[in-house]
Amino acid sequence: MAEPLEKAALTPLLSEAQRVSSHAYAPYSHFLVGAAIQTTDGQIITGVNVENASYGLTHCAERTALFTAIAQGYAGKLKAIAIWANDVKQQYGQRFEGAATPCGACRQVMAELLPPDAEVQFVHPQTGAITHTTPSELLPLSFTL
Ligand code: THU
């Protein structure tokens, strides 16, 4: 039988995303997501997913963090975002193959608020493998005005 893969050490930004994910308000999906943004002056700004009984009003962790950063005066001063999600396989007993990657709406918001070559990190829930990518790679040809 194959040994489980050893989990890679989380980056400091991913660790922060993991820490805040315990604050997620996700009574419907039980899918706890945390996001942590690094600013150009070294601050870390976090966000979590916030669900609602009217499901469509739910906010993803990434957008919560990005909007909080803007509210704190960091427009144009963001350089990286890390996203951590709990292991849905553990939550639901179902097979979940991929990493929890940012949804389409969050990719469009990232394209607006992060530099195209900003660092985006997320982690595979079972293997611990870390993906390093960018907003332009996640959403080529994003909509702009
Ligand atoms: N969710 C996020 O917070 N970020 C994503 O990129 C994908 C989905 C949240 C929304 C909802 O609360 C739960 O995960 C299940 O979709």
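Any read-out appearing in this document is the output of simple, stated calculations on the displayed coordinates, not a laboratory observation. Source: prediction; values computed, not measured. Note that we place each Cβ from the backbone using ideal geometry, even for glycine, and neighbour counts take in every protein chain shown.
Assorted remarks:
- Relative to the Cα centre, the charge distribution of the chain, modelled as +1 at Lys and Arg Cβ and -1 at Asp and Glu Cβ, gives a dipole magnitude of about 200 debye.
- Net lengthening on full extension, residue 134/residue 43 (0.36 nm per residue, minus Cα-Cα): 30.8 nm
- Longest stretch of the chain clear of exposed loop sites (GluC sites (Glu not before Pro), DSSP loop, at most 16 other Cβ atoms within 10 Å, sites excluded): 7-96.
- As a calculated quantity, the FRET efficiency between residue 142 and residue 77 at R0 = 22 Å, using C-beta atoms, amounts to about 0.65.
- The chain: most fluctuating residue of 53, 71, 61 per GNM, C-alpha cutoff 10 Å: 53
- With the charge dipole of the chain set up from +1 on Lys and Arg Cβ and -1 on Asp and Glu Cβ about the Cα centre, the Cα lying farthest toward the positive end among the listed residues 78, 37, 22 is that of 22.
- Relative contact order, percent, the chain [alpha-carbon distance under 8 Å, six or more residues apart]: 22
- Most mobile listed residue (113, 57, 14) in the chain, GNM with C-alpha springs under 10 Å: 57
- For the chain, the fraction of alpha-carbon pairs in successive 5 Å shells from zero, as %: 2, 10, 19, 23, 21, 13, 7, 3, 1, 0, 0
- Residues residue 25 and residue 127, FRET efficiency given R0 of 41 Å [Cβ-Cβ distance, rounded to 0.05]: 0.90
- The chain, helix-only ellipticity at 222 nm - DSSP H runs n ≥ 4, -39,500 (n - 2.57), divided by all residues, nearest 500: -7500 deg cm²/dmol
- Centre separation in Å (Cα based) which lies between the range 117-138 and the range 51-70: 20
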